[in-house]
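Notes follow the structure.
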Amino acid sequence: MHNAPTPSVHDTAAPSASAFAATLAEWPAVRVRAVQAACTEADVRAALAGSLRPERALAALLSPAAAPHLEAMARRSAAVTRQRFGRVMQFYAPLYVSNVCINSCTYCGFNCKNQVARRRLTVDEAVREADYLANEGFRHLLLVAGEDPKGVPVSYFEELAGRLLGRFSSIGIEIYPMPEADYTRLVAAGVDLLTLYQETYDETLYSSLHPAGPKRDFHNRLAAIERGARAGIAFLGVGALQGLSDWRVENFHVGLHALWLQKEFWRSSVSVSFPRIRPAAGAFQPPVTVSDRDFVQTLCALRIVLPDAGLVLSTREPAALRDRLALLGVTRMSAGSRTSPGGYGTADSGGESEGQFAIADERGLAEMKQVVAGLGFDPVCKDWDPAYHAAAASAEVE
C-alpha cells in the first residue's frame, strides 16, 4: 500500500481564473459559426498558402467551404508534418490507476452514478503494471485516473512517479485539475506531461454534461493547464471530445486554445487530441455525429495551423482509420491500451474493474511498430526531450 496521503491544497485553495478565458470570450460560438459560414473557397486557398492569420485560417479550414479541398489539405498536412517532425511516430501507453470518481459526467464510463466495478491500484500494483509496459518496450507513460483526490492524492502520484522515473523517459498525467503547488510537486517527482481535455468549450453545454462534482466548474478546469505550465510542466496536451457539439466550432476552440498556449507558454510543447466518443457504461449517445471525413478535416486543419504541435491519436479509433491518419499528420499514438485499473493483468488479485470506454484498435506495440514501419515511419518509444528541457533550464539559470 502507498503511504498515508500528504495533505494537499487541492481541497482548500481557491481555483485561479483562466487567462485564456478572455480570448475564448472573444470567439463565442455564434461568431465562429458566422465567420465559418462566410468563408469562401478563396479563403481556404489563402489558408493553405499561409496568407491568413492563424485564427482566420483555422476558421476557413474547418468551414464547409473547405470540403472540396480536403485532398489538398491532406497533402499540405502531410508535407508540414514531414517538414517539422520527419518520419517519426512516437508511441505511448496509458496506465489507469483508479476508476473511482466523484463526478457525474454524463458521457463517461467512470460516472459516479454508474453501477460498475470500481478499483484503485496501490502504488505497488501500479508499478507492476508499469513494469509490464516497460518490458513491452514503452518509454512514454501516461498515468490516468478518475477524479479521486482522496484515494489517489498528489502524494500517490509523487511516489509513483518517483518509482517509475528510471524506467521511462516521459511520465505524464491525465487526472483531476490541481493547484499550481501540487503540479510543482509532481514536476519535482519527474512528471513532465499534463493532458487535460476541456471536453467542450461551450460553457452552457458543459454545465448540462457535468451535473454534479468538482468537474462542474468550467473555469477551474480551463485554468488548470495554465497552472501546470506555470509549475514547469514541459508538455501540455489539450483537446475536446468529438460528438458533444458542433465539431467545426469545437475544434476551432481547441485550435485557438493551443495557439494561445504556444504563445503564452512558449517554453512548453503543446499537443492536441480530438478523441471521438466511444461506447461506455451509462450508454451515453453522442448528440452529434462526427464522420471519418469530418475527423480528417479536423486533423488536417489543426496540423496546418499548428505546424509545431503534436497531434495525438488514441485507440478510440479503428485500426484501418488509424493507419490512414498516420500518413496525414499524427505524431503520437497509443498502442495495446487498457482503460481499466489493472487492465494489463499484472496487479494483485482485486477483481475486474470497468474500463472508461471501449477500445477500437486492440493491436499491441509490436504489431503497431511493424505497421508504421511498413508505412515508411520510424517507430520511436524513447526520445531525448527530457534531456533537452533539462539543458534548456540550465542555460536559462546561467
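Points to keep in mind about this one:
Table: residues versus (1) crowded, with 18+ Cβ neighbours inside 10 Å; (2) assigned to a loop (DSSP other than H, G, I, E, B); (3) of a type outside the set (Val, Ile, Thr).
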site: ASP323; (1), (2), (3): no, no, yes
site: MET333; (1), (2), (3): yes, no, yes
site: ARG338; (1), (2), (3): yes, yes, yes
site: GLU354; (1), (2), (3): yes, yes, yes
site: GLN370; (1), (2), (3): no, no, yes
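- Subset of region 127-152 [touching a helix residue (DSSP H, G or I) at 6+ places or on another chain (Cβ under 7 Å) and in contact (Cβ under 8 Å) with a residue 40 or more places away in the chain]: GLU136, GLY137, PHE138, LEU141, LEU143, GLU147, PRO149
- Lone unmet requirement of (1) buried (at least 20 other Cβ atoms within 10 Å of the Cβ); (2) assigned to a loop (DSSP other than H, G, I, E, B); (3) modelled with pLDDT of 95 or more; (4) of a type in the set (A, V, I, L, M) for ALA280: (3)
- Any chance VAL191 is of a type outside the set (Lys, Arg), under 24 Å from LEU142 (Cα atoms) and crowded, with 24+ Cβ neighbours inside 10 Å: yes
- Near pairs, Cβ below 7 angstrom, 6+ apart or cross-chain, from region 203-219 (farther than 19 Å from GLU174 by Cα) to any residue that is surrounded by fewer than 16 Cβ atoms within 10 Å (Cβ to Cβ): LEU209/THR106
- If you go through region 130-151 and keep only what is within 22 Å of the chain's Cα centre (by Cα) and either closer than 24 Å to ILE102 by Cα or assigned to a loop (DSSP other than H, G, I, E, B) (or both), you end up with GLY137, PHE138, ARG139, LEU142, LEU143, VAL144, ALA145, GLY146, GLU147, ASP148, PRO149.
- The sole residue among LEU209, LEU244, LEU256 that is within 30 Å of GLN285 (Cβ to Cβ), of a type in the set (A, V, I, L, M, F, W, C) and touching a Cys at 6+ places or on another chain (Cβ under 8 Å) is LEU209.
- Out of GLY232, GLY237, GLY255, GLY228, sole residue that is surrounded by 22 or more Cβ atoms within 10 Å (Cβ to Cβ) and not in a helix (DSSP H, G or I): GLY237
The values are calculated or read from the model by the stated rules, or taken from the named source; none is laboratory data. In this text the structure is predicted, and so the values were computed from the model without any measurement. Virtual Cβ from ideal backbone geometry, glycine too; neighbours counted across all protein chains shown.
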